[in-house]
1. Can you pull the one-decimal nm distance between simple spin-label points at residue 306 and residue 437, each 7 Å off the Cα toward Cβ?
2. How large is ³J(HN,Hα) for each residue in the range 32-38, as worked out from phi by the Karplus curve 6.51 cos²θ - 1.76 cosθ + 1.60 (θ = phi - 60°), to whole Hz, x for Gly and Pro?
3. Dipole of the range 248-324, Cα-centred, from +1 at each Lys and Arg C-beta and -1 at each Asp and Glu C-beta, to the nearest 20 debye?
4. Could you tell me how far the Cα centroid of the range 154-187 sits from the Cα centroid of the range 21-79, in Å?
5. Less than 21 Å apart at the alpha-carbon level, and either on another chain or at least 8 residues along: which lysines does that give for residue 359?
6. Using the Cα centre of the chain as the reference point, and only Cβ charges (+1 on K/R, -1 on D/E), how large is the resulting charge dipole? Debye, rounded to the nearest 20.
7. Mind checking the per residue accessible area of the chain for me, 1.4 Å probe, whole number of Å²?
8. List the residues of the range 130-170 whose backbone N lies under 15 Å from a point placed 7 Å from the Cα of residue 447 along the Cα-to-Cβ direction.
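The values are calculated or read from the model by the stated rules, or taken from the named source; none is laboratory data. Note that this is a predicted model, so its numbers are computed, not measured. With ideal geometry, Cβ positions are generated from the backbone for all residues, glycine too; neighbour counts draw on all protein chains shown. The protein model used for the area step is the full one, side chains on, heavy atoms only, and it has no ligands, DNA or RNA in it. Shrake-Rupley method; radii C 1.70, N 1.55, O 1.52, S 1.80 Å.
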Amino acid sequence: MATTISGQCFFYVWAGYQTSIFIFITAITVFFAAKALENSNLAQKQYLKEHKEELDKEAKTAYKASCQRKRNLILTATVAFNLCILIVLKYVGFFLQPLGISFYTLMAIGYLIDINRASYEAEKNVLRFITFTTFFPVVIQGPISKYNEVAPSMFKEHTFDTNQFMSGMLRIMWGFFKKLIVADRIGIAVSLITGDSCTYAEGYVLVGMLFYTCQLYADFTGGIDVTIGVAKILGINLSENFLRPYFSISLKEYWRRWHITMCQWFRTYVFYPVSTSKTIQNISKALRSKGHTTLGKKLPVHLSSLIVWTLTGVWHGANFNFLVWGLLNFFILMISEELDPLYTRFHGRFGFSNTKGYKIFAMLRTFLLICVLNLFDCYKTVGETLGAIASVFTSKGYSAISSGALMELGLSGIDYIIIAIGVAVMFVVSLIQEHYATSDKELTISSYLKLVLTLVLFICVIMFGAYSIGYDSSQFIYNQF
């Protein structure tokens, strides 16, 4: 354990000693706050057990309420303290690159809330909890792990497993394939297009949003592949964060497949507590008592969703672009939910909606919607983003796509060929994974084949990876979030 802690300390100090201190502050404050919450829960149970005959119902209720107020104070103070660190570092900008603060802060807060709910026992060893909080592969861009899911594999005794080692190496090289061959190469054109919205408008925007959506997927999933691969080599099991999201037939399904652990975090620790809170339930009851039955039933869901998507937007960045992005996701999902009965009747009446052709259409429709929403990541202001989107639909300037002007985006013909092959490979692999995920068959690969595939990917990355002067391969798009 001491070796693990010292190794991770070296990693954080090497990455940036100015910011590394904050992750240890979070780990220690949350550890002791969790112990205090658990001790309070245990003391309450013990007291009620010992005085069961002496206390009447009102006295028990008053005692429980008093204990809960103390726990709420500990929980609120600890969460507020760590959120203040997050806000100061991420949004005020005391440091330019706070090391993964969004991810480990959410992990720590989730753990604290779980202990307050008595979902599982608090960790007794401070070094073990620091190891969990500072586990270096996940702090850069997730996945946002839950303690009770990671701890069993993190702290058990490990023996070398050849098959697991090869699985981890293959996953790492697959991640670097997506990151270095596809994402970083296509990012050259994306940066040029989105960096000058006046020059690169109209058809360029259409190309840019398609390119960026491919780049984002290759970059983010590639980084997660590396994270999960490293953890697998160490014998630690992390949650999958993506399940082939571009095969989604609706935005709702997309958010069940994209950045899964983040969505689960907001659903577990924001959506459900808000929707079941006394305030929301009282408002709902008041509306229903006045005859607004439908509104009363739907208010908790829609209001909670609005809060979740507002916070999700703010979590991605402190500017109006991300706030608008979050609200657009909310409104589209809300409208889709409200129109669901109409969709159901439509699909029931027309049989073509059950065909493969319609499913492909729904996938393409969802993909294009995601492409448009992703543009809010790319431009500096909401006005600039909306202007770029409008230029796609209102102008006739698509000659850039067919006139050879795409060759002036910093990419050569060879680059476009490599990108096309890389995207095709990712698509075929996703098809195979989707096929096995939706069937009773299990995809198994021998250790020998894993070795061969790992070597092939390694050679591809060395030969075709995008490297240039000033290039920093450690930077991932989601680092900024």
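1. Spacing of the two 7 Å Cα→Cβ label points: 3.3 nm.
2. Once θ is set to phi - 60°, the couplings for the range 32-38 become 6, 5, 5, 4, 5, 5, 5 Hz.
3. Values: 10 positive and 1 negative charges, 77 e Å.
Charge dipole of the range 248-324: 380 debye, to the nearest 20.
4. 42
5. Excluding near neighbours in sequence, the set is 252.
6. On the way: 41 positive and 30 negative charges, 325 e Å.
Charge dipole, the chain, about its Cα centre: 1560 debye, nearest 20.
7. Working: 25020 Å² over 481 residues.
Here the per-residue accessible area is 52 Å².
8. 159-170
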